[in-house]
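Input: a single structure, listed below in structure tokens.
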Amino acid sequence: MERFSRLLQLNNISIDNIKLASKKRVLIIGVGGVGQHIATYLVTNGVSNLTIIDFDKVEISNLNRQILLSEADIGKAKVDVVKSALYSKNVEANIASINIRVSEDNISELIKGYDLVVDAVDNWSSKLVIAKGCQKENISYMHIGVDGYKGQYCLFVNHSLLDIAKPDIVSSPKDGVLGPMVGVISSLAAIDIIHYIFGLEVELDTLIYYDHLTNKLVKVKL
């Protein structure tokens, strides 16, 4: 347990919490900026069984926010690069990777058997596919989105992104993102994921929205 010694120094975390987390299966869909931050924090903080899904190849424009990549990785399959980088953080973890684009045709099969799904994709069409799949299979999931200087996340258990998102919502073709904002929102979401996997208290079905330019954080309980 030396790997988790700093965790065990926290008053609310015990060996039992870490043992509980080691039995849970987590699926991260999308291992761009958000997914790489989340995956790194999970495999280094007690989540042993992790699967990552993505279909992209590494591009130079990824590097401002995707912390596990380097220029030497450009052109490589992103899931392969990320999986290797995660093992360098925790060789004892059980990490699987799938190079595929999620769709309405495959989402149910991909998410079956997981205790938590993390929606870390960067477009609304895929987010809605994940939301529909998790609702159908009755699987809890963490929705995370970052755009420019803003971001939001919500751990859905009894509700769904479908309850609050317009069915015709689309991503703006001019969406940009400041690299550190991805880290900010992903880190906050990762804390809630870890608490949930550890069996600790966490705000469920509460959309948390943060705007750095106004320094405003808003919580909406569903």
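Rule-based calculations on the coordinates, nothing more; no lab input. From a predicted model like this one, the values you see are computed outputs, not experimental measurements. Note that we place each Cβ from the backbone using ideal geometry, even for glycine, and neighbour counts take in every protein chain shown.
A few notes on this one:
- When the chymotrypsin sites (Phe, Trp or Tyr not before Pro) in the stretch 132-222 are filtered for DSSP coil states and for at most 16 other beta-carbon atoms within 10 Å of their beta-carbon, the remaining sites are Tyr149.
- Mean-position separation - Cα centroids, the stretch 1-54 and the stretch 84-147, in angstrom: 15
- Spin-label pair Asp105/Met1, simplified geometry with 7 Å Cα→Cβ offset, distance in nm: 4.9
- Computed per residue of the chain from DSSP H runs no shorter than four, each worth -39500 (n - 2.57), the mean residue ellipticity at 222 nm is -10000 deg cm²/dmol.
- Length available on full extension from Leu10 to Tyr149: 0.36 nm per residue minus the Cα-Cα distance, which gives 46.9 nm.
- Partner lysines whose Cα lies under 21 Å from the Cα of Lys127, excluding those fewer than 8 positions away in the same chain, are identified as Lys57, Lys78, Lys112, Lys136, Lys150, Lys166, Lys174, Lys219, Lys221.
- Trypsin sites (Lys or Arg not before Pro) within the stretch 120-222: DSSP coil, no more than 14 neighbouring Cβ in 10 Å: Lys174
- Within a straight-line Cα-Cα reach of under 15 Å, Lys83 can be paired with the following aspartates and glutamates, leaving aside sequence neighbours fewer than 8 residues apart in one chain: Asp54, Asp56, Asp73, Glu92.
- If only the Cβ of Lys and Arg carry +1 and only the Cβ of Asp and Glu carry -1, the dipole of the stretch 2-221 around its Cα centre is close to 240 debye.
- Unit charges on C-beta of K, R, D, E only; dipole of the stretch 131-222, Debye: 180
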